[in-house]
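Only one structure is covered here, and it is reproduced in the block below.
We did not get these values from a lab; they are worked out from the coordinates using the rules stated. These numbers were taken from a predicted model, which means no experiment stands behind them. A quick note on method: Cβ atoms are made from the backbone with ideal geometry, for glycine too, and the neighbour counts reach across all protein chains shown.
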Amino acid sequence: MTDEIHSYEPARGHGLAHDPFNAIVGPRPIGWISTVDGDGRRNLAPYSFFNAFNYVPPIVGFCSIGAKDSLRNAEATGAFAWNLSTLPLAEAMNASCAAVGPGVDEFALAGLTPAPSRLIAAPRVGESPVSFECRLTQVVRLRTAEGREVDSWMVFGEVVMVHIARRLLKDGVYQTAAAEPILRGGGPGDYFRIGEDQKFVMLRPRA
């Protein structure tokens, strides 16, 4: 059976009710990033484009579309924290993405507890069961295929401290589904959850 195909050049528009790009590349882990500015003022914001990029050392990164507070704060202090967004924290995570000024504390706005980090100045989300303390490694401005700079920056950080709620460790193995992580889909507000019933195991073939 051959499907009918909708094809388009992104530069010319997708011709659909909503851009499908971030729905196709998804669902994605949420970059719930906490930072402080040079004066120690807290900031917390979720980023749709986030992932892990290296094992040793562990490196994660998020993309700031526009020069937002998280980008500026990470550059100013050399650090940021990542916090796992979970189903019980979904509303708080969503509240923290409100378009407010740089002087507004999103921890307070979302009713969350700033927990002190061990190695960096940025606090963690105390209610989140998993968080990473990260030291900034690179900030890369994105470019088009023709080399034109766009207003988006990849922010990479080395994970220098990991915090995991012990209830998520079973015989020394992290239980992904038990944390009830939520992931960003597409559309105006689509999210997905992970459950144990969605898991399947497939080992790599041996050489």
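Condition check: without any contact (Cβ under 8 Å) to a residue 40 or more places away in the chain and among the small types (Gly, Ala, Ser). Does ALA81 satisfy that? Spelling it out, it is not the case that ALA81 is without any contact (Cβ under 8 Å) to a residue 40 or more places away in the chain and among the small types (Gly, Ala, Ser). Residues in the stretch 1-29 that are in a loop (DSSP other than H, G, I, E, B), surrounded by 10 or more Cβ atoms within 10 Å (Cβ to Cβ) and not acidic (Asp, Glu): TYR8, HIS14, HIS18, PRO20, VAL25, GLY26, PRO27. Taken over the stretch 27-63, the residue count meeting the criterion of being in contact (Cβ under 8 Å) with a residue 12 or more places away in the chain and in contact with an Asp or Glu (Cβ under 9 Å, 6 or more places away or on another chain) is 13. For the stretch 141-157, check the following and say yes or no: at least one residue is among the hydroxyl-bearing types (Ser, Thr, Tyr), within 16 Å of ALA52 (Cβ to Cβ) and free of Cβ contacts under 8 Å to residues at least 40 places away in the same chain. Within the stretch 141-157, none of the residues are among the hydroxyl-bearing types (Ser, Thr, Tyr), within 16 Å of ALA52 (Cβ to Cβ) and free of Cβ contacts under 8 Å to residues at least 40 places away in the same chain. Of the residues making up the stretch 110-156, those that are aliphatic (A, V, I, L, M), surrounded by 15 or more Cβ atoms within 10 Å (Cβ to Cβ) and over 16 Å from the mean Cα position of the chain (by Cα) are ALA110, LEU112, ALA115, ILE120, ALA121. Against the criterion of being aliphatic (A, V, I, L, M), more than 21 Å from SER48 (Cβ to Cβ), surrounded by 15 or more Cβ atoms within 10 Å (Cβ to Cβ) and touching a strand residue (DSSP E or B) at 6+ places or on another chain (Cβ under 8 Å), LEU168 qualifies.
Evaluation of PHE49 against the conditions (1) at positive phi; (2) touching a strand residue (DSSP E or B) at 6+ places or on another chain (Cβ under 9 Å); (3) not aliphatic (A, V, I, L, M) shows that the sole unmet condition is (1).
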